[in-house]
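What follows is one structure encoded as structure tokens, with my remarks underneath.
FYI, it's all coordinate maths here, none of it is from the lab. On a predicted model such as this, the values are computed, not experimentally measured, just so you know. Virtual Cβ from ideal backbone geometry, glycine too; neighbours counted across all protein chains shown.
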2 protein chains.
Amino acid sequence: MTQQAFNFFKQSLQGLLIGLKVDKIPSYLGGTLGLIVQKFGGTSVANASRIKQVARKVASVFDSGTKLVVVVSALGDTTDRLIEMAHQISSSPSPRELDMLLATGEQVSAALLSMALQTLGYPAISLNALQAGIKTDNVHTKAKLLEIDTERINRELKEGKIVVITGFQGVTDADDITTLGRGGSDLTAIALAAALKADLCEIYTDVEGVFTADPRIVPQARLLKKISYEEMLEMAATGARVMQTRAVEYARNFKVRILVKSSFSESGGTLITGEEEIGVERPIISGVTFDVSEAKLTIREVPDRPGVAAKIFGALAQAQINVDMIIQNISQAGTTDISFTVERTDLRRAEAVLKEVCLELGAKGIEVDSEIAKVSLVGAGMRTHPGVAAQMFKALADQNINIEMISTSTIKISCVIKASEVNKAVQALHRAFNLALEDIKEGEEV
Amino acid sequence: MTQQAFNFFKQSLQGLLIGLKVDKIPSYLGGTLGLIVQKFGGTSVANASRIKQVARKVASVFDSGTKLVVVVSALGDTTDRLIEMAHQISSSPSPRELDMLLATGEQVSAALLSMALQTLGYPAISLNALQAGIKTDNVHTKAKLLEIDTERINRELKEGKIVVITGFQGVTDADDITTLGRGGSDLTAIALAAALKADLCEIYTDVEGVFTADPRIVPQARLLKKISYEEMLEMAATGARVMQTRAVEYARNFKVRILVKSSFSESGGTLITGEEEIGVERPIISGVTFDVSEAKLTIREVPDRPGVAAKIFGALAQAQINVDMIIQNISQAGTTDISFTVERTDLRRAEAVLKEVCLELGAKGIEVDSEIAKVSLVGAGMRTHPGVAAQMFKALADQNINIEMISTSTIKISCVIKASEVNKAVQALHRAFNLALEDIKEGEEV
């Protein structure tokens, strides 16, 4: 077989394999992907030596023949430092000027990473949001992505360059600089991966990926090789801090495959992808999460008549207070109790709003409990595997843990318990569902 | 007289006066200029409290009804700090990436000054080079200005805003960021003043203006109220450090009136303008300057035949070595001596180049003197006032100072002397020409 023919064969085979699963390309084929978008967070580029380390990591992927777009956050605590400077000047700096200021952070890291790559002998170029064609609306400090004009990026890629792009920022149609808000650099990377039809978006961070539980609480917690977008969204919404919900939603909508991995280790990371790619290997439960940031409010003896719930939650919505779980008791003697949870930071405001509403409705009163925790089980396998809820309640009961509220979705069950029992609950659930063991498949006994 | 009619009268009168001299608009008319471009250097915006101070200064001018464009440099030592970061990554960072990095410095100060103005209740907006339409060629780190598309700036001015613009930088036609090299922010301000047809360009710096001599050497040195572009160029070329030659040349070519003044005092500063505006008040001598950064080379007994000088200075030019003064002795016995000065930092390289040339030409040898100084008298009045040179040589002779080389232009006389005698020479010349006294006019005796 000639070298050319072999290459053709190799590429065809890779093409087939890429369609299936990235992490299964046999390395003896020198398996490469066409285009990868990589994103490095602030701690990954905190100083010159870490930037050089990132450059070596990028270079080694480029060496395998993959085209690369690299998105960077601002160095270490640069963004906080810039905000501090702004606050020395003004107690409420204008959002437009704040964006103008903050956007410099990523431009510094993009230029430095590009220099580091060039120093290693690799062709690299940094592009800021304007140069990269990242267009947003004009809602400064929390702008929405509108479109990415990839002309310049594609031109640089075609010239064989590694394209380093500033995360977190965009430009309006008037060329004003915007920023995308919290987790903005992840969003930049995923949006670029979508616009460029990249094969993969690698998010490098300071954790190794998504675990079956927080390893600080469950030392046996296992790194998940794969997780579906829906499961990741539920895990993020119920307390996992790996990725912002907004970025994962964007990835799901545009079918961008995400590999979350550590900048500081060689661990394989977690692939976040569509359920179709996870297929039959899907476990029943992917993980146990918890959240101690909420508080519970209970309104006692509300008259049980139409429009009451609308009145209560309408008033909270008008005050911009997000409500998470809601439970309404079965009516007794014409009245009922309504319980719900809010972010603890909103608790005082929520109480104030409700006092008026209670008076108006003739409810008996409001009870507040800020010492609660929410523990959740997340797993796409729940849909087809009944009995998970019962097993969860039993595991908690075995530990003498009382359940105060329950809420379910098709792939999640959450229980509100006492805050002091959260670690015990997470450990018990992780054990009860054997999450430390690999290869628990749907259909097998647990 | 109605208010409207009065305003019209006032504006007409101001218009007339603006055509003549800015600093003579009677303040009882509330004299204002249509548009001023102000530039604040790095020390003027070194920290939050200085930025607030600059904002108050800008605001007070805006209060008088003047439209304002404000150009800022990077905060304090930011540029040096960024260069240091680049050098931690690479010993020779690519010019394009260096520009991308350095340009963030001015964006930070523009955003912060804009916030400071807004906090004082003034409408302000910061624009970076792209937004301000500052177009350059693509010679990174020392780009040349090509044009300024003032559409956006004019739009913001029309909306009544103070427009704060990043100095030192521009963009290529591919939207790549460039920087203009040393003194670039002055150039930005002057170019903006030219493009916007501003009435005045105020350069705020850490000195009070242009003095008749360096006040550290001549305590009696007097601040010049006015100086012509040509004189300023000669003063800059002979050692005055107030403004870069390049910026003054640009101002002369586009007839931009510059007022150099201190950010830290209320002194009136020095107006740099065309000779026609200085008119009959022109002094014979504007100032005494000195330069101790040069060294002298002498080639002994060069054969005196055509092409010799071309050979010597051609070789130096090829090595990118700038030659300042050149003296060729009267020929004796078919040979001559040639002396010239170069920047001391180029001395070793110049010697190396010349050694080869001497061998080729059969010259006797090279002598080097790095302990020299150049003292210069600059004054447009010299053109019409003979005898200045003789008076200068006498003043130096009276102090027993030997003159080693002499060079003249129509408005300047320079003498090379021993470096150790430079202070004595500057003081003697300042005294001999009575420069401490005001109002020495052309035609009067000195």
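When residues in the range A:112-131 are screened for being touching a residue at least 40 places away in the same chain (Cβ under 8 Å) and of a type outside the set (Val, Ile, Thr), 12 of them pass. Name the single residue that is surrounded by the fewest Cβ atoms within 10 Å (Cβ to Cβ) among those in the range A:63-90 being farther than 22 Å from A:Gly183 by Cβ and facing chain B (nearest Cβ under 8 Å). The residue in question is A:Gln88. Of all residues in the range B:142-158, those satisfying the criterion of being within 13 Å of chain A (Cβ to nearest Cβ) and surrounded by fewer than 17 Cβ atoms within 10 Å (Cβ to Cβ) are B:Asp149, B:Glu151, B:Arg155. Can you name every residue in the range A:91-130 that is more than 7 Å from chain B (Cβ to nearest Cβ), surrounded by 24 or more Cβ atoms within 10 Å (Cβ to Cβ), over 25 Å from the mean Cα position of the chain (by Cα) and in a helix (DSSP H, G or I)? Scanning the range A:91-130 gives a single hit, A:Leu117.
In this structure, does A:Gly387 turn out to be farther than 29 Å from A:Thr335 by Cβ, within 30 Å of the chain's Cα centre (by Cα) and surrounded by 12 or more Cβ atoms within 10 Å (Cβ to Cβ)?
Values: farther than 29 Å from A:Thr335 by Cβ: yes; within 30 Å of the chain's Cα centre (by Cα): yes; surrounded by 12 or more Cβ atoms within 10 Å (Cβ to Cβ): no.
When the stated conditions are applied, A:Gly387 does not pass them.
So is A:Gly209 within 30 Å of A:Ala436 (Cβ to Cβ), in a loop (DSSP other than H, G, I, E, B) and small (Gly, Ala, Ser) or not? Don't jump to the end; show me each part of the working.
Working: within 30 Å of A:Ala436 (Cβ to Cβ): yes; in a loop (DSSP other than H, G, I, E, B): yes; small (Gly, Ala, Ser): yes.
Taking the combined requirement at face value, the residue satisfies it.
Among the residues making up the range B:134-151, those that are touching a helix residue (DSSP H, G or I) at 6+ places or on another chain (Cβ under 6 Å) and of a type outside the set (S, T, N, Q) are B:His140, B:Leu145, B:Ile148.
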